[in-house]
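*Asks:* My questions all concern the structure below.
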Amino acid sequence: MTTQGSGSSAAIPVFADVDTGVDDAMALVYLLASPDAALVGIAATAGNVGVDQVCRNTLGLLELCGVRGIPVSRGADGPIASALRTAEDTHGPEGLGYARMPSSGSTVTTYDAAEAWVRAARAHPGELVGIAVGPLTNLALALRAEPALPTLLRRLVIMGGAFDYRGNTTAVAEWNVSVDPEAAAEVFTAWSGSGLTPPTVLGLNLTEHIALTPTLLTRLGAAAQSPSSPMSVLDDPGTRSAAANPLIRVLEDALRFYFEFHFYQGEGYLAHLHDPLAAAVALDPDLVECRPTTVAVELTGTLTRGMTIADWSGRWGRPSNALVGIGVDANVFFERFIARVGLFARRLG
Ligand code: BDR
Ligand code: CA
């Protein structure tokens, strides 16, 4: 077991808010595998699965990765103003596809996820990098408790929204924003003051360029010295991984389900790595090209609730509250992801 949470003096303190989830798990593994990151805390958010399952998945993943000492905090049971929807069709009945996680002897913190945000930001004023890759419920509640949170963070990276692009939950809305639109609206409002560093917001228009294929997954196994033959759309659904490496085996079992979901959606036998891109950008903002703009969330439209709207032409006359991602080189991302996670997995094997 490695004790994490402090990292080297050069490492960036990072706080992650997740609804673990296949791609959330990969984002967490990327952060754990990155020597330039010190993961100081994790907030569990209801979203892809219920919040208690998110806690179990997150604690199990840390166990699998041999990491101790990173506090995991339970979030609210559901969104601020609407009923919770979950996405077992996308991520599997327990949120991690066909993977079975080890149970963990660790438990969640006695304080909740909103308080965890505030504690982490106050412990690292001006240094903490926040990453939010689930519904924004916890972050909105943290902002109610500590309105100065935007000034305490070094930067914030959000995976959410879809900018001039179709939705993946409704015709126009992306999952994380769609599950808790009121929370997302509160977050964008909190960053509307002048003098604040706007959050980097990575929507589907960008993250759907990060398409993991069986070939790339095979390269990850090879980098971990845990070779396996490429998965194929012709395999029986649910075929389990034979990888020798325990982390690669779990990732392959999780991703098999995610590949099948994308295939059934007509997107090909691949998987969009939305959340890992956000993790990589949290550590290196130069990975993406962004454009400052003002973002608002539609809360009342009968067809458009949860839609993110960017005022590209400045018609609202309001200051920028977001740096919206508009360009990414997926090859650069995948080279870095495979190198870091491959080496990390190899050390576990
Ligand atoms: C987002 O929705 C979730 O299902 C994924 O984990 C990701 O955070 C993509 O819309
Ligand atoms: Ca997520």
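The values are calculated or read from the model by the stated rules, or taken from the named source; none is laboratory data. The shown structure was predicted, so the numbers you read here are calculated from the model rather than taken from an experiment. So basically every Cβ, Gly included, is an ideal-geometry build from the backbone, and we count neighbours across all protein chains shown.
*Asks:* Being hydrophobic (A, V, I, L, M, F, W, C) and within 12 Å of ligand 2 (Cβ to nearest atom) is the filter here, so list the residues in the stretch 154-208 that pass it.
*Replies:* Quick first cut of the stretch 154-208, residues hydrophobic (A, V, I, L, M, F, W, C) only: 156-159, 162-163, 171-173, 175, 177, 179, 183-185, 187-188, 190-191, 196, 201-202, 204, 206.
Across the stretch 154-208, the qualifying residues are Ile158, Met159, Trp175, Val177, Val179, Leu202.
*Asks:* Tell me yes or no: at least one residue of the stretch 247-269 is closer than 17 Å to Gly161 by Cβ and surrounded by 18 or more Cβ atoms within 10 Å (Cβ to Cβ). Steps first, answer last, please.
*Replies:* If we filter the stretch 247-269 for residues that are closer than 17 Å to Gly161 by Cβ, which is where we start, we get none.
No, there is no match, as no residue in the stretch 247-269 is closer than 17 Å to Gly161 by Cβ and surrounded by 18 or more Cβ atoms within 10 Å (Cβ to Cβ).
*Asks:* Also, I was wondering about something else. Mind checking which pairs have a first residue in the stretch 258-275 that is under 12 Å from Glu208 (Cα atoms) and a second that is assigned to a loop (DSSP other than H, G, I, E, B) and among the acidic types (Asp, Glu), Cβ under 9 Å, 6 or more apart or different chains?
*Replies:* Qualifying pairs under 9 Å: Glu267/Glu208; His272/Glu208; His274/Glu174; His274/Glu208.
*Asks:* Then there's this: Which residues, taken from the stretch 85-102, are closer than 21 Å to Ala16 by Cβ and away from ligand 2 (no atom under 14 Å from the Cβ)? Can you show your working first?
*Replies:* Kept after step one, since they are closer than 21 Å to Ala16 by Cβ, are these residues of the stretch 85-102: 86-87, 90-92, 94-97, 99, 101-102.
Listed by number, the residues that qualify are Glu94, Ala99, Met101, Pro102.
Listed here are the residues, each with its yes/no results for (1) within 16 Å of ligand 1 (Cβ to nearest atom); (2) closer than 28 Å to Asn168 by Cβ; (3) at pLDDT 95 or above.
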{"position": "Thr3", "(1), (2), (3)": "no, no, no"}
{"position": "Ala27", "(1), (2), (3)": "yes, yes, yes"}
{"position": "Ile80", "(1), (2), (3)": "no, yes, yes"}
{"position": "Thr86", "(1), (2), (3)": "yes, yes, yes"}
{"position": "Ser104", "(1), (2), (3)": "no, no, no"}
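*Asks:* Let me ask something else about it. Looking for something within 12 Å of ligand 2 (Cβ to nearest atom), small (Gly, Ala, Ser) and under 23 Å from Val281 (Cβ atoms) - is there at least one such residue anywhere in the stretch 16-24? Let's see the steps before the verdict.
*Replies:* Filtering the stretch 16-24 down to residues within 12 Å of ligand 2 (Cβ to nearest atom) leaves 16-24.
Now narrow it down to the ones that are small (Gly, Ala, Ser): 16, 21.
Imposing the further condition that a residue be under 23 Å from Val281 (Cβ atoms) reduces the set to 16, 21.
So far as the stretch 16-24 goes, yes, one or more of its residues are within 12 Å of ligand 2 (Cβ to nearest atom), small (Gly, Ala, Ser) and under 23 Å from Val281 (Cβ atoms).
*Asks:* May I ask you to verify whether Pro147 is surrounded by fewer than 17 Cβ atoms within 10 Å (Cβ to Cβ), touching a helix residue (DSSP H, G or I) at 6+ places or on another chain (Cβ under 9 Å) and under 21 Å from Leu323 (Cα atoms)? Show your work before the answer.
*Replies:* Numbers: surrounded by fewer than 17 Cβ atoms within 10 Å (Cβ to Cβ): yes; touching a helix residue (DSSP H, G or I) at 6+ places or on another chain (Cβ under 9 Å): yes; under 21 Å from Leu323 (Cα atoms): yes.
It is true that Pro147 is surrounded by fewer than 17 Cβ atoms within 10 Å (Cβ to Cβ), touching a helix residue (DSSP H, G or I) at 6+ places or on another chain (Cβ under 9 Å) and under 21 Å from Leu323 (Cα atoms).
Condition check ((1) under 21 Å from the mean Cα position of the chain (by Cα); (2) among the polar types (S, T, N, Q); (3) more than 30 Å from Cys65 (Cβ to Cβ)) across all residues:
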{"site": "Phe259", "(1), (2), (3)": "yes, no, no"}
{"site": "His262", "(1), (2), (3)": "yes, no, no"}
{"site": "Glu267", "(1), (2), (3)": "yes, no, no"}
{"site": "Leu270", "(1), (2), (3)": "yes, no, no"}
{"site": "Gly301", "(1), (2), (3)": "no, no, yes"}
{"site": "Trp316", "(1), (2), (3)": "no, no, yes"}
{"site": "Pro319", "(1), (2), (3)": "no, no, yes"}
{"site": "Phe337", "(1), (2), (3)": "yes, no, no"}
{"site": "Leu348", "(1), (2), (3)": "no, no, no"}
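*Asks:* Now for a different question. So which residues in the stretch 162-219 are within 28 Å of Leu251 (Cβ to Cβ) and among the acidic types (Asp, Glu)?
*Replies:* Glu174, Asp180, Glu208
*Asks:* Taking into account only those residues within the stretch 163-178 that are closer than 19 Å to Ser82 by Cβ and hydrophobic (A, V, I, L, M, F, W, C), which is surrounded by the fewest Cβ atoms within 10 Å (Cβ to Cβ)?
*Replies:* Ala171
*Asks:* May I pose another question? Exactly one of these conditions fails for Leu273: (1) more than 16 Å from ligand 1 (Cβ to nearest atom); (2) modelled with pLDDT of 95 or more. Give me its number.
*Replies:* Leu273 satisfies every listed condition except (1).
*Asks:* Take the stretch 198-224 and flag every residue that is outside any helix (DSSP H, G or I), out of contact with any strand residue (DSSP E or B) (no Cβ under 8 Å at 6 or more places or on another chain) and among the aliphatic types (A, V, I, L, M).
*Replies:* Of everything in the stretch 198-224, just one residue is outside any helix (DSSP H, G or I), out of contact with any strand residue (DSSP E or B) (no Cβ under 8 Å at 6 or more places or on another chain) and among the aliphatic types (A, V, I, L, M), namely Ala224.
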